[in-house]
Amino acid sequence: MTSPLPAHTDGTRPALDTTRLLIAARIGDPAAQEHLSRRVYDCLRVMARQRLVRPGQSGESFSALVNETWRSLIDQQRVGPDDRAYFFALASRAMRCVLVDYAQARAASRRASGPRSALEAQQVAADERAADFVELSASLEQLVGVDARLGDIVTLRFFGGLSFDHIAEVTGRTVPVVKRDWLRARAWLYRSVQQAAESQP
Amino acid sequence: MNRARWKEIDEQFRQAIDLPEATRTRFVRELLVRNPELGLAVKDLLESAAEAEAVLGESAAVFAGPMLAGLTDEEWDALHPGAIVGGYRLLREIGRAGRSTVYLAEPANAKFATRVAIQVLTRGADADEIIARLVHEREALARLEHRGIARFHDGGATGGGLPYLVIELVDGRPLLAWCDERRLDVTARLEIFLQVCAAVQHAHQHFVAHSDLTASRVLMLDQGTAKIMEFGTARVLSAGAVTTVDDVRALGVILHQLLTGRVPPSAATSASEVALAGGESVSRARGTSPSRLASRLRGDIDAILLRALEQDPGHRYQSAGALADDIVRHLKHRPVQARPASAAYRAGRFVQRHRTRLGIAGLAALALVSAAGMTGFRLSREESVTGDVAQMPAVVAVKPADDAPTAERPSEAPVAVQPPAEQPRIETRGADQPELLAPKPEPAPSVNQPVVRIAAVPEKSRRSPVDSAAMLSRLASGLRKAGKNAEAEAALRQALELSDQENLATAGRQWELGDLLRVTHRYEEAESLLRSSLRIRRQLADAQGAEVGQSLAGLAMVQCEQGRTAESDSLFARAIDIYRRLPNDAGGLRMPETERAQCR
């Protein structure tokens with residue numbers, strides 16, 4: 001499958017350029033990192049709107065989107081395992097940004113009055129979940145502050161949809177450690193959201 | 001929860017979750033006894049872990065699922081401060097125009113970098129097309145570098161698939177307000193306008209047209225630099241062929257606003273008239289009085305505007321540079337190209353003799369007389385309704401010497417006469433019109449016409465009815481070309497009222513009005529006018545000449561449209577017979593053979 005952005009916003013052939021960007025970004029070029037993030041974000045967001053948000057389109061996993069971004073933007077002949085690890089970490093963060101931006105947009109457009117129909121009830125439920133999602137994201141920020149390693153796991157697993165094997169590969173840890181980290185992180189996150197909800201009037 | 005506290009809890013928590021279910025319960029119970037506070041926290045977390053598994057699942061897709069349903073595109077695309085677009089972080093909304101929202105933004109990564117404006121379009125079915133055009137035009141637009149043009153930096157699609165443009169942030173006042181606030185006089189305004197022309201010309205030389213140039217898109221910086229906004233992007237954002245001459249007309253509109261405070265009215269009123277009607281407020285903002293402002297604009301500026309605002313692109317200034325050149329000529333008191341015309345060269349002698357009485361306004365009008373005289377001689381039907389000065393190849397001839405102030409020129413000022421480069425044969429006859437060489441100073445043109453006073457002449461004392469009539473018929477031609485038939489008719493009727501002589505000019509106007517009435521299906525009056533024009537032309541012009549042929553063809557058309565085919569056909573035959581004998585170069589004559597064939 002080709003890139004969802006056939007003529008990328010800069011009119012270049014995405015696969016080639018993005019690959020070069022990725023390599024430069026992984027070595028530590030800040031401009032390349034910025035450009036790459038932007039491009040991956042753009043790509044994910046377009047796919048998300050096509051495949052996640054459109055009515056009748058569901059069940060698509062985030063990992064499918066992230067993997068597709070990887071396949072469509074990057075020429076895999078020219079990159080190594082480090083580049084791949086870097087890309088998936090970055091793409092997971094980008095996916096998280098896409099969802100958080102979406103949730104913020106949704107929370108911002110929250111309906112004022114109570115539901116009057118079944119459809120509206122569904123909308124209201126969605127708005128509430130969006131608000132929860134914004135809360136979750138804020139908790140994740142806290143977790144990153146407290147334990148960056150756990151924060152990374154959440155990003156990779158929860159938003160990037162990466163398998164434990166894949167996360168182990170990206171983070172250079174063993175699978176059992178990754179699994180345990182994930183359980184810890186998720187519990188912490190949930191507890192944090194709950195506490196935030198409880199502390200609200 | 002601070003880091004140390006978390007480490008403490010996490011340490012126990014990590015141990016606990018590694019344990020099998022039964023052992024874990026005992027572990028927690030022991031911890032609760034040993035350190036109740038820590039034990040509670042760990043117990044809490046373990047419970048959370050179980051709930052978290054159910055609520056959060058393995059992927060955010062589960063938790064996010066319900067919120068993904070049913071958000072509209074607009075909601076999804078809403079951009080908030082902090083959002084990143086094209087590598088820039090949006091700071092706040094600074095404006096809305098049409099279908100776009102403009103944000104203040106700064107580069108997301110660089111500190112102390114220049115802020116920019118980001119224009120994001122709202123969703124539309126054509127978003128993809130626009131993005132494609134944007135990508136296509138991007139380089140050309142980014143190459144456009146001129147101090148008078150707000151810089152285009154970048155463009156593309158936002159994450160949400162909306163077209164966006166990154167443009168130079170210009171902190172300026174709108175052109176018209178800026179000039180009014182400073183009460184700039186006409187000359188100062190012209191000089192600023194020249195800046196705008198230069199910027200437009202620069203863009204045109206780089207093959208970029210603006211396509212939606214308006215006064216509000218010209219911003220003035222404090223130090224007096226004019227900046228044109230949205231150059232080239234307007235075209236990208238709304239498809240449609242535009243040409244540089246469209247921009248020239250837009251420049252004409254801006255100039256009109258700068259000088260008169262109004263957009264050009266639909267009826268062809270000269271700028272000086274508009275300025276006069278604008279009253280005190282308009283003239284005060286230009287540091288003068290209404291009458292002085294009007295007289296400042298009369299003549300050159302009226303002519304320049306008329307030319308820039310021509311409905312027919314072919315008759316406009318062909319470039320922003322040409323328009324600017326004429327303004328420079330005007331500022332340097334040299335003859336402007338916009339002022340007609342070749343016949344004025346011959347009129348020059350007359351002017352020299354009668355300048356005192358005619359005054360300056362008369363000078364302009366005289367030049368127009370010769371142009372109006374032309375209308376009767378253009379023989380192809382489309383051509384003949386134009387009465388267009390710009391079409392004539394000759395240059396403007398009469399203009400006073402440099403040192404004379406424009407308004408009150410001393411009568412002994414020398415008149416520079418520039419012979420026309422090339423004269424169509426037919427013009428010579430126009431110059432021989434008796435009215436041109438022997439105008440009657442009386443009666444004064446009636447100003448209380450029931451019709452709209454189109455461009456009739458404010459200075460009754462200075463301008464002869466002949467001049468007024470000529471000007472009116474020329475304006476009528478422009479109006480008709482602009483599709484404003486009712487106004488054209490009013491102007492022509494007024495012109496005919498002023499034409500109290502039976503001469504070729506009158507005959508030409510009769511023909512024009514007759515033809516106009518035919519188009520609007522008032523055949524009876526059309527026929528009587530056309531018969532009168534035929535009679536006069538037969539008496540005063542060559543009975544086998546082009547004028548007679550034109551009247552014959554006009555009559556034939558009227559009869560044809562009334563279904564009087566036999567009469568019509570014989571008139572067509574006579575007209576065609578005349579046309580056949582004319583020399584080939586006789587001013588773009590076209591035989592009415594097609595019309596004849598259609599009538600049969």
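If only residues of segment A:168-184 that are closer than 22 Å to B:Ala50 by Cβ and open to solvent by less than 30 Å² (accessible area, probe 1.4 Å) are counted, the one that is farthest from the other protein chains (Cβ to nearest Cβ) is A:Val178. Scanning segment B:304-337 for residues that are among the aliphatic types (A, V, I, L, M), within 17 Å of B:Asp246 (Cβ to Cβ) and surrounded by fewer than 21 Cβ atoms within 10 Å (Cβ to Cβ) yields one hit, B:Ala322.
Per-residue answers, yes or no, for (1) outside any loop (DSSP other than H, G, I, E, B); (2) out of contact with any His (no Cβ under 6 Å at 6 or more places or on another chain):
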| site | (1), (2) |
| --- | --- |
| B:Leu184 | no, yes |
| B:Phe193 | yes, yes |
| B:Val196 | yes, yes |
| B:His202 | yes, no |
| B:Ala209 | no, yes |
| B:Asp212 | no, yes |
| B:Ser216 | yes, yes |
| B:Leu219 | yes, yes |
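Assessment of segment B:214-236 against the conditions (within 14 Å of chain A (Cβ to nearest Cβ) and open to solvent by less than 10 Å² (accessible area, probe 1.4 Å)) yields at least one matching residue.
With the structure loaded, tell me whether A:Trp188 is in a helix (DSSP H, G or I) and closer than 13 Å to B:Glu51 by Cα or whether it fails that test. Considered against the rule, which asks whether it is in a helix (DSSP H, G or I) and closer than 13 Å to B:Glu51 by Cα, A:Trp188 comes out as yes. Within segment B:125-170, if we keep just the residues that are under 26 Å from A:Val46 (Cα atoms) and among the charged types (D, E, K, R), the residue that is most open to solvent (accessible area, probe 1.4 Å) turns out to be B:Glu139.
Residues of segment B:4-37 that are touching a residue at least 12 places away in the same chain (Cβ under 8 Å), more than 14 Å from chain A (Cβ to nearest Cβ) and open to solvent by 10 Å² or more (accessible area, probe 1.4 Å): B:Phe27 alone. Residues in segment B:81-101 that are open to solvent by 30 Å² or more (accessible area, probe 1.4 Å) and within 21 Å of B:Ile130 (Cα to Cα): B:Ile84, B:Tyr88, B:Arg96, B:Ala97, B:Gly98, B:Arg99.
Residue count for segment B:534-578 satisfying the condition of being under 15 Å from B:Val519 (Cα atoms) and over 43 Å from the mean Cα position of the chain (by Cα): 0.
Scanning segment B:59-114 for residues that are β-branched (Val, Ile, Thr) and at pLDDT below 75 yields B:Thr72, B:Ile84.
Take the conditions open to solvent by 50 Å² or more (accessible area, probe 1.4 Å) and either modelled with pLDDT under 90 or assigned to a loop (DSSP other than H, G, I, E, B) (or both) and apply them to B:Val274. Does it pass? In short, no. The single condition among (1) open to solvent by less than 40 Å² (accessible area, probe 1.4 Å); (2) modelled with pLDDT under 80; (3) more than 30 Å from A:Arg129 (Cβ to Cβ) that A:Ser109 does not satisfy is (3).
Quick check, is A:Glu128 facing another protein chain (nearest Cβ under 9 Å) and modelled with pLDDT under 85? Answer is yes for this residue.
For segment B:514-532, the candidate set comprises residues that are in contact (Cβ under 8 Å) with a residue 40 or more places away in the chain and open to solvent by less than 40 Å² (accessible area, probe 1.4 Å); within that set, the residue that is nearest to B:Pro592 (Cα to Cα) is B:Asp515. The set of residues in segment A:93-104 that are surrounded by fewer than 21 Cβ atoms within 10 Å (Cβ to Cβ) and within 7 Å of another protein chain (Cβ to nearest Cβ) contains only A:Gln104.
Listed by first and then second residue, the pairs linking a residue in segment B:545-567 that is open to solvent by 50 Å² or more (accessible area, probe 1.4 Å) to a residue that is part of a loop (DSSP other than H, G, I, E, B), with Cβ atoms under 7 Å apart and 6 or more places separating them unless they lie on different chains, are B:Thr565/B:Arg600. Which residue out of A:Ala196, A:Ala138, A:Ala187 is within 9 Å of chain B (Cβ to nearest Cβ) and among the small types (Gly, Ala, Ser)? The unique qualifying residue is A:Ala187. More than 14 Å from every other protein chain (Cβ to nearest Cβ), surrounded by 22 or more Cβ atoms within 10 Å (Cβ to Cβ) and modelled with pLDDT of 70 or more: which single residue out of A:Ile74, A:Ile23 fits that description? Exactly one of A:Ile74, A:Ile23 is more than 14 Å from every other protein chain (Cβ to nearest Cβ), surrounded by 22 or more Cβ atoms within 10 Å (Cβ to Cβ) and modelled with pLDDT of 70 or more, namely A:Ile74.
In segment B:40-62, of all residues being without any contact (Cβ under 8 Å) to a residue 12 or more places away in the chain and closer than 21 Å to B:Ala4 by Cβ, the one that is farthest from the other protein chains (Cβ to nearest Cβ) corresponds to B:Leu40.
For segment B:165-174, the criterion of being more than 14 Å from chain A (Cβ to nearest Cβ), part of a loop (DSSP other than H, G, I, E, B), among the acidic types (Asp, Glu) and under 23 Å from B:Ser100 (Cβ atoms) is met by at least one residue.
The values are calculated or read from the model by the stated rules, or taken from the named source; none is laboratory data. Only a predicted model underlies this, so the values are computations on that prediction, with no experimental measurement involved. Glycine gets a Cβ as well: all are built from the backbone with ideal geometry, and neighbour counts include every protein chain shown. Ligands, DNA and RNA are excluded from the accessible area calculation, which covers all protein heavy atoms including side chains. Shrake-Rupley method; radii C 1.70, N 1.55, O 1.52, S 1.80 Å.
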